[in-house]
There are 2 protein chains.
Amino acid sequence: MSLLRQYRRYAPPDLQRYCRFVVAGRHVGWVKPVLAKELAGRADVFQMAGADLKMQPALADAAQRSTAMASVLEDLRAQGRIPGWRSELYPVNQSFGETPLLVMERAAAPLFGVAAYGVNLNGFVGRGWEMKIWVARRAPTKSVDPNMLDLVVGGGQPLGLTPAENLLKECQEEAGIPAAIAERALPVGIVTLLIEAGEGLRVGQQFNFDLELPESFTPQNQDGEVAGFELVPVSELIHRLRSADDFMYDIALVLIDFLIRHGFVGPEERDYLPLIAGLRRPIPFAMEPVA
Amino acid sequence: MSLLRQYRRYAPPDLQRYCRFVVAGRHVGWVKPVLAKELAGRADVFQMAGADLKMQPALADAAQRSTAMASVLEDLRAQGRIPGWRSELYPVNQSFGETPLLVMERAAAPLFGVAAYGVNLNGFVGRGWEMKIWVARRAPTKSVDPNMLDLVVGGGQPLGLTPAENLLKECQEEAGIPAAIAERALPVGIVTLLIEAGEGLRVGQQFNFDLELPESFTPQNQDGEVAGFELVPVSELIHRLRSADDFMYDIALVLIDFLIRHGFVGPEERDYLPLIAGLRRPIPFAMEPVA
């Protein structure tokens with residue numbers, strides 16, 4: 001079966017059914033109209049401007065906007081409408097690395113359709129068709145995708161760390177990979193994420209790294225978020241991606257990217273070009289300033 | 001200087017200033033309005049339909065369309081309006097591998113803004129920052145980009161060969177790489193091309209391959225299209241891409257893709273995400289049928 005099955009697990013979002021979320025004249029997200037209308041009731045924080053939901057211009061800087069957003073999100077949280085609250089602040093901006101226009105709780109990112117960034121590690125042993133890839137079974141207690149298959153290491157990109165620094169931290173926490181090994185990881189590009197989740201729109205850009213691990217190394221989870229690890233031969237990995245939905249949606253994308261970059265899936269593959277196009281859907285923010 | 005300089009050598013095309021080129025109800029290209037109007041004068045072959053240039057529906061199959069197109073192109077060639085005529089027939093379709101709607105002379109592809117496909121080889125020796133990449137200086141007699149720097153092997157994708165078969169053929173012709181070595185090349189993805197050239201719109205999808213060459217191997221051009229070869233250390237390659245326009249536009253893209261996939265250019269690079277986005281601009285054909 002075509003590997004495109006992995007992309008078809010979520011319908012492509014119809015952005016015409018969302019309001020743009022605009023902060024300081026910049027289009028930074030997408031909100032469902034029913035939520036936008038409700039939020040506009042908090043006139044100290046939001047307003048509707050045509051079809052756009054804007055943060056109040058009176059909130060003049062990132063600190064004021066972040067405080068106002070936090071108070072709104074606490075209310076939503078109290079109503080049980082933000083599952084998986086993490087107490088992690090994510091920057092909101094149009095492009096990675098820009099000065100944040102505000103910061104907000106990570107778990108609320110899909111409600112506002114703002115871009116979330118992350119890092120992923122493809123950890124493998126061996127070369128060519130002898131290669132095996134380490135994968136993780138997520139703990140049943142995870143708020144997102146419990147029990148599904150994941151990469152050996154991956155995580156959200158917090159404020160104040162570079163992707164490479166974050167990767168080192170996650171390597172230690174998630175798999176017990178010591179820095180001396182983890183720092184050999186190579187950055188190899190990105191995948192983007194654009195899907196309609198139950199709670200809103202997931203917009204993501206994920207920095208991918210490859211790391212050839214020593215044969216003697218076995219991952220050891222340190223943070224309780226992993227039920228176990230498994231070393232999967234590359235041919236079996238391809239078979240599983242063709243025939244089942246064991247892997248998290250975004251992780252399937254990262255693995256397909258890996259298989260394409262390493263020549264395991266080539267131009268003779270049915271749907272090769274659509275597979276490649278689907279790895280990096282353009283991030284749908286209007287880049288010109290909004291009046 | 002930012003590697004984005006390589007993308008800025010051509011302005012992004014304004015497609016609103018083109019007519020769609022439609023064949024058998026499929027949008028397969030973009031034509032300048034002044035040319036579209038002229039072509040519509042050949043009412044046996046073309047017609048305007050609103051703002052679209054269509055091939056006459058009376059031309060009922062690929063053979064009839066190809067014959068009619070050939071007669072139009074011969075006229076344009078006789079007027080000196082198709083530089084670099086190659087006597088190579090390219091398939092015209094919406095997506096790679098589809099049954100061609102017609103075939104036409106390769107050199108005329110930009111006049112109609114149809115997609116052209118090609119293969120590229122990144123030939124290198126060594127690993128990590130010790131790596132060196134083979135590049136070629138194009139012969140002064142080439143019709144496109146004479147004297148500029150090119151990959152060691154690359155070429156258009158003709159009818160009747162797979163990309164891998166074409167790569168083997170080009171490896172032999174352009175660099176004397178024997179099949180026993182060339183068949184170790186790994187497919188590693190694509191770059192897309194979307195630029196306004198003097199003669200029209202260049203729309204391309206290029207299949208890229210990586211090949212680690214033996215240290216003892218020196219390329220030997222067989223077809224007279226190369227003035228010479230050079231082995232460039234990866235750090236010097238990056239420097240040249242930052243500071244000069246020695247390389248053909250599309251080859252600079254292929255090399256930036258290589259540098260990103262191999263971790264030589266990572267997230268700490270200024271403009272990392274725009275660089276990645278620019279490697280695969282979406283191919284701008286409307287996929288739904290045109291009435």
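The values are calculated or read from the model by the stated rules, or taken from the named source; none is laboratory data. Worth saying up front: this structure is predicted, and the values here are computed from it rather than measured. We place every Cβ from the backbone using ideal geometry, glycine too, and count neighbours over all the protein chains shown.
Out of all the residues in segment A:225-238, is one or more within 25 Å of A:Gly155 (Cβ to Cβ), more than 14 Å from chain B (Cβ to nearest Cβ), assigned to a loop (DSSP other than H, G, I, E, B) and free of Cβ contacts under 8 Å to residues at least 40 places away in the same chain? Explain how you work it out, then say what you get.
The first filter runs over segment A:225-238 and keeps only residues within 25 Å of A:Gly155 (Cβ to Cβ), leaving A:225-232, A:234, A:237.
Filter again for more than 14 Å from chain B (Cβ to nearest Cβ), leaving A:225-232, A:237.
Then keep just the ones that are assigned to a loop (DSSP other than H, G, I, E, B); that gives A:225.
After this cut, where a residue has to be free of Cβ contacts under 8 Å to residues at least 40 places away in the same chain as well, the list is none.
No, because not a single residue in segment A:225-238 is within 25 Å of A:Gly155 (Cβ to Cβ), more than 14 Å from chain B (Cβ to nearest Cβ), assigned to a loop (DSSP other than H, G, I, E, B) and free of Cβ contacts under 8 Å to residues at least 40 places away in the same chain.
Which number in (1) of a type in the set (Lys, Arg); (2) loosely packed, with under 13 Cβ neighbours inside 10 Å; (3) modelled with pLDDT of 95 or more marks the one condition that A:Arg9 misses?
The one condition A:Arg9 does not meet is (3).
Within segment B:92-112, how many residues turn out to be within 14 Å of chain A (Cβ to nearest Cβ) and not hydrophobic (A, V, I, L, M, F, W, C)? Give the derivation first.
Filtering segment B:92-112 down to residues within 14 Å of chain A (Cβ to nearest Cβ) leaves B:93-98.
Then drop every residue that is not not hydrophobic (A, V, I, L, M, F, W, C), which leaves B:93-95, B:97-98.
Result for segment B:92-112: 5.
Please determine, by comparing only the residues of segment B:149-164 that are more than 10 Å from chain A (Cβ to nearest Cβ) and free of Cβ contacts under 8 Å to residues at least 12 places away in the same chain, which one is farthest from A:Leu275 (Cα to Cα). Break it down into steps so the answer makes sense when it comes.
Start the filter on segment B:149-164 by keeping residues that are more than 10 Å from chain A (Cβ to nearest Cβ), which leaves B:149-156, B:158-161.
After this cut, where a residue has to be free of Cβ contacts under 8 Å to residues at least 12 places away in the same chain as well, the list is B:160-161.
Values: B:Gly160: 23, B:Leu161: 21 Å.
Among those residues, the one meeting the criterion is B:Gly160.
Could you please give the count of residues in segment A:55-92 that are surrounded by 20 or more Cβ atoms within 10 Å (Cβ to Cβ) and within 30 Å of B:Ile276 (Cα to Cα)?
3
Go through A:Asp257, A:Asp250 for me and flag whichever is assigned to a helix (DSSP H, G or I), more than 9 Å from chain B (Cβ to nearest Cβ) and crowded, with 18+ Cβ neighbours inside 10 Å. Quick ask: steps written out before the conclusion?
Numbers: A:Asp257 fails: more than 9 Å from chain B (Cβ to nearest Cβ).
Answer to the selection: A:Asp250.
Residue under question is B:Gly123, and the condition is that it be within 14 Å of chain A (Cβ to nearest Cβ) and over 14 Å from the mean Cα position of the chain (by Cα); does it hold?
Working: within 14 Å of chain A (Cβ to nearest Cβ): no; over 14 Å from the mean Cα position of the chain (by Cα): yes.
So B:Gly123 fails the test.
Quick check, is A:Val188 at pLDDT 95 or above and either within 14 Å of another protein chain (Cβ to nearest Cβ) or under 30 Å from B:Pro274 (Cβ atoms) (or both)? Walk me through it before giving the result.
Numbers: at pLDDT 95 or above: yes; either within 14 Å of another protein chain (Cβ to nearest Cβ) or under 30 Å from B:Pro274 (Cβ atoms) (or both): yes.
Criteria met by A:Val188.
Do you know which residues across segment A:131-146 are more than 12 Å from A:Phe229 (Cα to Cα) and touching a residue at least 24 places away in the same chain (Cβ under 8 Å)? Please lay out each step first, then the result.
Initially, segment A:131-146 is screened for residues more than 12 Å from A:Phe229 (Cα to Cα), giving A:131-132, A:140-146.
A:Met131, A:Lys132, A:Pro140, A:Thr141, A:Lys142, A:Ser143, A:Val144, A:Asp145, listed by residue number.
Looking at segment B:184-230, which of the residues that are among the small types (Gly, Ala, Ser) and either surrounded by fewer than 16 Cβ atoms within 10 Å (Cβ to Cβ) or more than 21 Å from B:Thr162 (Cα to Cα) (or both) is farthest from the chain's Cα centre (by Cα)? Before the answer, list the steps.
Step one: list which residues in segment B:184-230 are among the small types (Gly, Ala, Ser), which gives B:185, B:189, B:197-198, B:200, B:204, B:216, B:224, B:227-228.
Narrowing further to those that are either surrounded by fewer than 16 Cβ atoms within 10 Å (Cβ to Cβ) or more than 21 Å from B:Thr162 (Cα to Cα) (or both): B:197-198, B:200, B:216, B:224, B:227-228.
Details: B:Ala197: 12, B:Gly198: 15, B:Gly200: 14, B:Ser216: 30, B:Gly224: 20, B:Ala227: 21, B:Gly228: 22 Å.
So, considering only residues that are among the small types (Gly, Ala, Ser) and either surrounded by fewer than 16 Cβ atoms within 10 Å (Cβ to Cβ) or more than 21 Å from B:Thr162 (Cα to Cα) (or both), the one farthest from the chain's Cα centre (by Cα) is B:Ser216.
Kindly establish whether B:Met69 is outside any helix (DSSP H, G or I), of a type in the set (A, V, I, L, M, F, W, C) and without any contact (Cβ under 8 Å) to a residue 60 or more places away in the chain.
Values: outside any helix (DSSP H, G or I): no; of a type in the set (A, V, I, L, M, F, W, C): yes; without any contact (Cβ under 8 Å) to a residue 60 or more places away in the chain: yes.
No; evaluated as a whole, the condition is false for this residue.
Does B:Ile256 qualify as being free of Cβ contacts under 8 Å to residues at least 60 places away in the same chain, under 30 Å from A:Val119 (Cα atoms) and in the same structural domain as B:Val191 (by TED's automatic domain parsing)? Give the steps one after another, and end with the answer.
Values: free of Cβ contacts under 8 Å to residues at least 60 places away in the same chain: no; under 30 Å from A:Val119 (Cα atoms): yes; in the same structural domain as B:Val191 (by TED's automatic domain parsing): yes.
For B:Ile256, the condition - free of Cβ contacts under 8 Å to residues at least 60 places away in the same chain, under 30 Å from A:Val119 (Cα atoms) and in the same structural domain as B:Val191 (by TED's automatic domain parsing) - is not met.
Name the single residue, out of those in segment A:273-291 being facing another protein chain (nearest Cβ under 8 Å) and without any contact (Cβ under 8 Å) to a residue 24 or more places away in the chain, that is surrounded by the fewest Cβ atoms within 10 Å (Cβ to Cβ).
Looking at residues that are facing another protein chain (nearest Cβ under 8 Å) and without any contact (Cβ under 8 Å) to a residue 24 or more places away in the chain, I get A:Ala277.
Find the residue count for segment B:105-160, including only residues that are among the aromatic types (Phe, Trp, Tyr) and over 18 Å from B:Ile256 (Cα atoms).
Taking segment B:105-160 and keeping what is among the aromatic types (Phe, Trp, Tyr), we get B:112, B:117, B:124, B:129, B:134.
Pick out the ones that are also over 18 Å from B:Ile256 (Cα atoms) and you get B:112, B:117.
Adding up the residues that qualify gives 2.
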